[in-house]
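The block underneath contains the structure these notes are about, expressed in structure tokens.
The values are calculated or read from the model by the stated rules, or taken from the named source; none is laboratory data. Values in this document were obtained by computation on a predicted structure and should not be read as measured data. Note that we place each Cβ from the backbone using ideal geometry, even for glycine, and neighbour counts take in every protein chain shown. Areas reflect the complete protein model, heavy atoms only, side chains present, ligands, DNA and RNA absent. Shrake-Rupley method; radii C 1.70, N 1.55, O 1.52, S 1.80 Å.
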Amino acid sequence: MKKYLLLCAGFCVVLSFTSCKSSESAYRKAYEKAKAQENEAEEFEAEEIAVVEPVVEVPATETVVVDADDVPVRTESVNMVNGTGLKNFSVIVGSFSVQANAEGLQNTLKNRGYDAQVAYNPSNQMYRVAVTTFDSKSDAVNSRNMFRSEFPDVWLLYKQQ
């Protein structure tokens, strides 16, 4: 019985060592894959790399003056929700469907020293946050241009009577 057990154990050891042997085809595939990657790397290095000219930065003091007549203005009928009242042209920095969100932006702007106001447009059910308001379009355009760096989506509203 001992001989039989010893013979089986020896057979298992021999079988385990021979089954772990890597095949020649596996080495060949790995070698071919490495050669292909090496050839691709050499081709990539051989390609000419396009030279791009550096971007010339314009100082912030240089601004583009936009004629007030070419500036788009949205016309809406709005009702005051919170604020002192809108004049003809207002600079809108935020539009919200939830009043609490509009009032949150208004409070943030008031903490920064602006006389922000909230108006409601019942036709599309949106709350508009106006950071400044003016009687003339040119003053509103100048103010809008100043706020563009902080609020890129700023726009002008003409209050319908």
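Using the structure shown, decide if TYR158 is open to solvent by less than 40 Å² (accessible area, probe 1.4 Å), hydroxyl-bearing (Ser, Thr, Tyr) and either over 16 Å from GLY83 (Cβ atoms) or in a strand (DSSP E or B) (or both). First the steps, then the outcome.
On the way: open to solvent by less than 40 Å² (accessible area, probe 1.4 Å): no; hydroxyl-bearing (Ser, Thr, Tyr): yes; either over 16 Å from GLY83 (Cβ atoms) or in a strand (DSSP E or B) (or both): yes.
No, not satisfied.
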List pairs: first residue in the range 58-86 and on the phi > 0 side of the Ramachandran plot, second residue modelled with pLDDT of 85 or more and of a type in the set (D, E, K, R) anywhere in the structure, Cβ distance under 9 angstrom, at least six positions apart or on different chains.
GLY83/ASP115
All-but-one check, VAL129 against (1) within 23 Å of the chain's Cα centre (by Cα); (2) in a helix (DSSP H, G or I); (3) hydrophobic (A, V, I, L, M, F, W, C), failing number (2)
Looking at the range 100-126, which of its residues are of a type in the set (A, V, I, L, M), more than 24 Å from the chain's Cα centre (by Cα) and closer than 18 Å to ARG148 by Cα?
ALA116
